[in-house]
Structure formats: C-alpha cells, structure tokens
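So the structure is just underneath, and the comments pick up after that.
The values are calculated or read from the model by the stated rules, or taken from the named source; none is laboratory data. Keep in mind it's a predicted model, so treat the numbers as computed, not measured. Using ideal geometry, Cβ is built from the backbone for each residue, glycine included, and neighbour counts are taken over all protein chains shown. Side chains are part of the model used for accessible areas, which takes the heavy atoms of the whole protein and leaves out ligands, DNA and RNA. Shrake-Rupley method; radii C 1.70, N 1.55, O 1.52, S 1.80 Å.
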Amino acid sequence: GAQATGDSQAAASSPQRYEFEAPKLGTLFRIVLFADDPSAAESAAAAAFLRIDELNGILSDYDENSELSRLSAQSKSAAPTTPIPVSKELFTVLECAQSIARESGGAFDITVGPMVQLWRRAMRQERLPDPSQVQSSASAIGFDKLQLHPEGRSVSLHASPMRLDLGGIAKGFILDESNAVLVAHGITSALLDGGGDLLASGPPPGQSAWKVEVDTGAVQDRVRLALVHAGLGTPTSSP
C-alpha cells in the first residue's frame, strides 16, 4: 500500500510522498514518488510494477521461458543460427550491450552466460568445475559470436550452445522503462530502488535533489550523495 509523509498543514493539492514495495527480479523493488493524491500514486506504481514483470519475462536469464532464454536455447541444435526475430525491448538491450562490449574490448560481454552457469553450479556443489567444462564453456563465449541484424530486428548466434546473460545491464534498462511509465502517469519526482540499483528523476518538491545514503561496507562509513535525473549502482542504499 501507499504511505504518505509530509507537513500536515500543507495544502491538499501539494504533492505528497508515497512509498511502494514489491518483490521483483529476485530482490525488493521500492518506488518512492510524489503525487497529488493516493489514487494517482497507486495507479502509477501499479503500472510501473507491471512493466517490470513484462520486462522480466523478456530479459531474465533465470527464467527458462523468458524471451532471452528461448533465444539462447536456439543455439543448442546448430550454429550459426538463422536470423531470429526478437522484440524491440530485447533488441534495444542487446544493441546497447554489444556497443559497450566493443568499446570495452570485450571486458563487458553478455555471452559469458555459459561460464556464469558453470560457476553457479560449482558454488551449489561446493567444488571447482572440471577444467574440461571450463574449456567447453569458454568456447561458446565472445561478443563476436553474437550478430545483430538491425534491418530485420533479428539475432544470429554463432556458437553452440550459447547462453546470453544480461545481468550487468537489464536492471538499468528496466529502471529506465519503469520511470517512463511513471512519467506517462504524470509522476515527475520519483526514486526507484531495485535492490541497490537506483534511478532518480526530478527532485522532491522544494528540494534540489534526492538525498541518498550508500553503505560502503565499512563500519560506520556511509556516503551521502545527491541524485537528480541520474542512475547509481550500489550494494545497499537508502533514500
């Protein structure tokens, strides 16, 4: 539900602060926003959470039925695959990821999925993976093995089996899209927190920015930051 705080003497039309929380993407998503009334706040937040669910169904590497997972699975039978049409959202994220991969010389690489999956399993089993498994996984990794076709909004996978992992970029895109939903509902002052990944739009009424405290992990050591129309990735934070 919504919680509003503010000066009880404020005019009824003055935007009030509302907070919403919901478990999403394996973490707790929190939306803090300013709206004219509870109905407007609840409608905007509900629409934003719905958009998060929609995008998770597209971009998740944990959900085997997501569009991303189904795309990766098509490389199991043969490689290279024929061009595979994808949604606008998925293509946008893949295009951005490939641009960052090129600019970073491969330091950022969403094709690293096979190795991520291998080490997740190793952690559960509490033993190192077999070197042959590491070598096999590495052979399917490399951003040059992912080819995008803008003219047909399609994708070709050039190794088998590939597994795309958008863990380093998807949440930021989801926060951007969620904020766009809030803006479409007339909410221009909001802070979205997806398990430590933050997006701030316009500042709270009467303030220049959102004031955020970031836990650095050191004892009694918290960093205070001012955010406005900005994003921030943190381990833990609180507005």
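Restricted to the stretch 184-203, and to residues there that are open to solvent by 10 Å² or more (accessible area, probe 1.4 Å) and not in a strand (DSSP E or B), the residue that is nearest to Val214 (Cα to Cα) is Gly195. When the stretch 95-140 is filtered for residues that are closer than 19 Å to Ser75 by Cα, surrounded by fewer than 19 Cβ atoms within 10 Å (Cβ to Cβ) and touching a Pro at 6+ places or on another chain (Cβ under 7 Å), only Leu118 remains.
Restricted to the stretch 28-46, and to residues there that are open to solvent by less than 30 Å² (accessible area, probe 1.4 Å) and not in a strand (DSSP E or B), the residue that is farthest from Gly186 (Cα to Cα) is Ala45. Would you check if there is a residue in the stretch 103-114 being aliphatic (A, V, I, L, M), assigned to a helix (DSSP H, G or I) and at pLDDT below 95? Within the stretch 103-114, none of the residues are aliphatic (A, V, I, L, M), assigned to a helix (DSSP H, G or I) and at pLDDT below 95.
Scanning the stretch 51-68 for residues being in contact (Cβ under 8 Å) with a residue 60 or more places away in the chain and either of a type in the set (S, T, N, Q) or open to solvent by 10 Å² or more (accessible area, probe 1.4 Å) (or both) gives a total of 4. Take Glu151 and tell me if it is of a type outside the set (S, T, N, Q), at pLDDT 95 or above and part of a helix (DSSP H, G or I). Answer is no for this residue.
Among the residues of the stretch 156-179, just one is assigned to a strand (DSSP E or B) and either under 12 Å from the mean Cα position of the chain (by Cα) or buried (at least 21 other Cβ atoms within 10 Å of the Cβ) (or both), namely Leu157.
For the stretch 78-91, a residue qualifies if it is surrounded by fewer than 15 Cβ atoms within 10 Å (Cβ to Cβ) and part of a helix (DSSP H, G or I), and exactly one does: Lys88.
Report yes if some residue within the stretch 185-195 is closer than 30 Å to Ala41 by Cα and free of Cβ contacts under 8 Å to residues at least 40 places away in the same chain; otherwise report no. Scanning the stretch 185-195 turns up at least one residue that is closer than 30 Å to Ala41 by Cα and free of Cβ contacts under 8 Å to residues at least 40 places away in the same chain. Do you know which of the residues in the stretch 206-227 that are in a loop (DSSP other than H, G, I, E, B) and open to solvent by less than 60 Å² (accessible area, probe 1.4 Å) is modelled with the lowest pLDDT? The qualifying residue modelled with the lowest pLDDT is Ala218. List every residue pair whose Cβ atoms lie under 7 Å apart, where the two residues are 6 or more positions apart in sequence or sit on different chains, the first residue falls within the stretch 106-121 and is of a type in the set (Gly, Ala, Ser), and the second residue, located anywhere, is open to solvent by 50 Å² or more (accessible area, probe 1.4 Å). Here the result reads Gly106/Phe143, each pair linking the stretch 106-121 to a residue that is open to solvent by 50 Å² or more (accessible area, probe 1.4 Å).
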